[in-house]
1. Quick test of your reading of the structure: A:H157 fulfils all but one of (1) crowded, with 24+ Cβ neighbours inside 10 Å; (2) under 20 Å from A:A63 (Cα atoms); (3) of a type outside the set (S, T, Y); (4) touching a Phe, Trp or Tyr at 6+ places or on another chain (Cβ under 9 Å). Name the failing condition by number.
2. Please go through (1) farther than 15 Å from A:G161 by Cβ; (2) in contact (Cβ under 8 Å) with a residue 24 or more places away in the chain; (3) surrounded by 24 or more Cβ atoms within 10 Å (Cβ to Cβ); (4) facing another protein chain (nearest Cβ under 9 Å) for A:V215 and return the number of the only condition it doesn't satisfy.
3. Quickly run through region B:277-295 and pick out the residues that are farther than 23 Å from A:R195 by Cα and either in contact with a Cys (Cβ under 8 Å, 6 or more places away or on another chain) or buried (at least 22 other Cβ atoms within 10 Å of the Cβ) (or both).
4. Can you find a residue that is more than 9 Å from every other protein chain (Cβ to nearest Cβ), under 21 Å from B:M140 (Cβ atoms) and surrounded by fewer than 24 Cβ atoms within 10 Å (Cβ to Cβ) anywhere in region B:219-238?
5. State whether one or more residues within region A:148-155 are within 13 Å of another protein chain (Cβ to nearest Cβ) and not in a helix (DSSP H, G or I).
6. As an exercise: evaluate A:C345 against (1) surrounded by 15 or more Cβ atoms within 10 Å (Cβ to Cβ); (2) more than 14 Å from A:V268 (Cβ to Cβ); (3) within 14 Å of chain B (Cβ to nearest Cβ); (4) among the hydrophobic types (A, V, I, L, M, F, W, C) and give the number of the one condition it does not meet.
7. For residues in region B:109-139 being farther than 28 Å from B:A164 by Cβ and free of Cβ contacts under 8 Å to residues at least 24 places away in the same chain, which is surrounded by the most Cβ atoms within 10 Å (Cβ to Cβ)?
8. Could you list, in sequence order, the residues of region A:255-273 that are closer than 21 Å to A:L201 by Cα and within 13 Å of chain B (Cβ to nearest Cβ)?
There are 2 protein chains.
Amino acid sequence: MSDYFTIRWIDGCVRMIDQRRLPHEVCYLDFYDVAGVAGAIRDMVIRGAPAIGAAAGFGLALAAVKSEAVTCHDLWSDLQHAGETLMRSRPTAVNLTWAVNRILQKIHRTTWVEVSELRAEVIKEALAIAAEDAQINRQMAKYGLEVVPQKARIIHHCNTGSLATVDYGTALGVIRAAHENGRNVFVYVDETRPRLQGARLTAWELQQLGIPYTVIADGASGYFMRQGKIDLCFVGCDRVASNGDTANKIGTYNLALAAYAHGIPFYVVGPTSTVDLQLPSGEEIPIENRPASEITWVEGVRIAPAGADASNPAFDITPAQFITAIITEKGIAVPPYQESLARLCGVL
Amino acid sequence: MSDYFTIRWIDGCVRMIDQRRLPHEVCYLDFYDVAGVAGAIRDMVIRGAPAIGAAAGFGLALAAVKSEAVTCHDLWSDLQHAGETLMRSRPTAVNLTWAVNRILQKIHRTTWVEVSELRAEVIKEALAIAAEDAQINRQMAKYGLEVVPQKARIIHHCNTGSLATVDYGTALGVIRAAHENGRNVFVYVDETRPRLQGARLTAWELQQLGIPYTVIADGASGYFMRQGKIDLCFVGCDRVASNGDTANKIGTYNLALAAYAHGIPFYVVGPTSTVDLQLPSGEEIPIENRPASEITWVEGVRIAPAGADASNPAFDITPAQFITAIITEKGIAVPPYQESLARLCGVL
């Protein structure tokens, strides 16, 4: 167990570690309503597809608690409105929509008499989503272990650890499991501009886990690959289309291209809640554009000249052809993904 | 003419713009001895292969002025010592060695009687190197224009403008010439971690030239290429081996791989003084490792956790196979480079 946590439900309040202040300060913020949770997602107090899925669940739970509705119909209406607010907070990760829909569908299937019962059910389902996420990550890590050799020098992009999930992590969860199982792992940590989740969050998590690592500039991955220093790549995902095209943090595609050029396996790790079977390909995944200031300023210090223009897509799409396998809690999907993902998701 | 300059010889003093403080402050530093110039190169007060070649020339000129030698033999000995100090300051760019050797060979060919004559000759040759660099860049830009279409959206890495040279620039010189010749150019500026020469210096130079641009994270180049938004890539070089393998700022290789994957032309621009015909391939080019703190801190602010390890190769090698052409002041070299570079350098 880590001595920090990403997100928790505490007596009608959602507590989150403030990831914007890590690794310099470990502090927590409490949110009491859905607007607060949506803001926390948008401002990246919390980030990582599975973590924001859990946050959306708790956001609905807060909406249920705070609602002044006296009929189940009105509460339902308030919950739908809250779900829309949450789903609008960030567009790319499908986990937000997945969590909201899961809760709304669950309560939709039952005929409710008491508002209090309905409220309790929303909270229960939100807690279930969070609890399952921690279990799912451990299960993914078990599958992931199959592809990690006894000695592995791994490039990792962005942050996919405990902080990106409710606990344990996705891609970083596999690395952690490999380390805990006595494998000799060394991690090249892409710093992951512009938000520096690698340098700030992944380095911090690896330090606490005692896993050896070195932080590198994102542009240096090809250099280390060409030097023969990289055995594997592990990344997370924000949305996987039915054909295996994967949206993940900006820079993932460049990393995948470099890995492909060097014949280095490139693994995506994520729960099936991140798979969006509705979308035929990555072309349909909406890519969030974030403020230019994330590029032109770092930690409150301006780096580019005043008035500089910057473009800041937060995610990119890695086409399935560059992905060796997609590791989920239900098993490992390999090409052709159309078939393997559908089978793992239970629709084939 | 720009209203700033990179480096100048002023009455026995070398004045340089302090590039570490750009774009926030435009200030100049004066150096009076060879140790000061070597330190300025090492600490990146001045950077860019052609610019540090000129700095090395002026460093030798300072050594000539400051030397207390009373015989030509002793002065020669002092100059050799000064040359070694300068060549040690940074290992990758061959221009340092080129400039030092050019001056030493020039004075070696003559029989000197007066120490003052020898001193004057060193200064004269250093001034010639600097003056020629400005001319060479304009000549390269003329050749470069041949490959720039009427409308061109260009990715550029690091800084290769006036600041990287004595004046005008190499890769950015081509872009500037295209703009000045009425072509419709738009520049995607790789911010170029870790030192952020793109965000800090290239954005600043483009702003002053009135050339439209946007700064992007280095990891975003593949995203924009895949969106069909990039027509060409232009980069500079720190050393080109005889087979065309090119050392340039870290991140260049990743950019070249992305361009190759998308069928986008990738041009290297640099003077023939950057070509090292002595080296059979890029494998033999020494790559400078710079301090980890350049990764873990930005502008005096720590980003990674205390104690974080980081690896900071300052350059990478782009193999010749990924380079469409190498544009020099003597013409455009195309594959096979072994032959075309030798011909341009006049040894074939």
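Each reported figure results from applying straightforward, stated rules to the coordinates on display, with no laboratory input. Fair warning: this is a prediction, and the values are worked out from it, not measured in the lab. When we count neighbours, we look across all protein chains shown, and the Cβ atoms used for this are built from the backbone with ideal geometry, even at glycine.
1. Every condition holds for A:H157 apart from (2).
2. Just one mismatch for A:V215, condition (1).
3. Matches in region B:277-295: B:L277, B:G282, B:I285.
4. Scanning region B:219-238, I find at least one residue that is more than 9 Å from every other protein chain (Cβ to nearest Cβ), under 21 Å from B:M140 (Cβ atoms) and surrounded by fewer than 24 Cβ atoms within 10 Å (Cβ to Cβ), so the answer is yes.
5. yes
6. It is condition (3) that A:C345 fails.
7. Per the criteria, the residue is B:A120.
8. Result: A:L255, single match.
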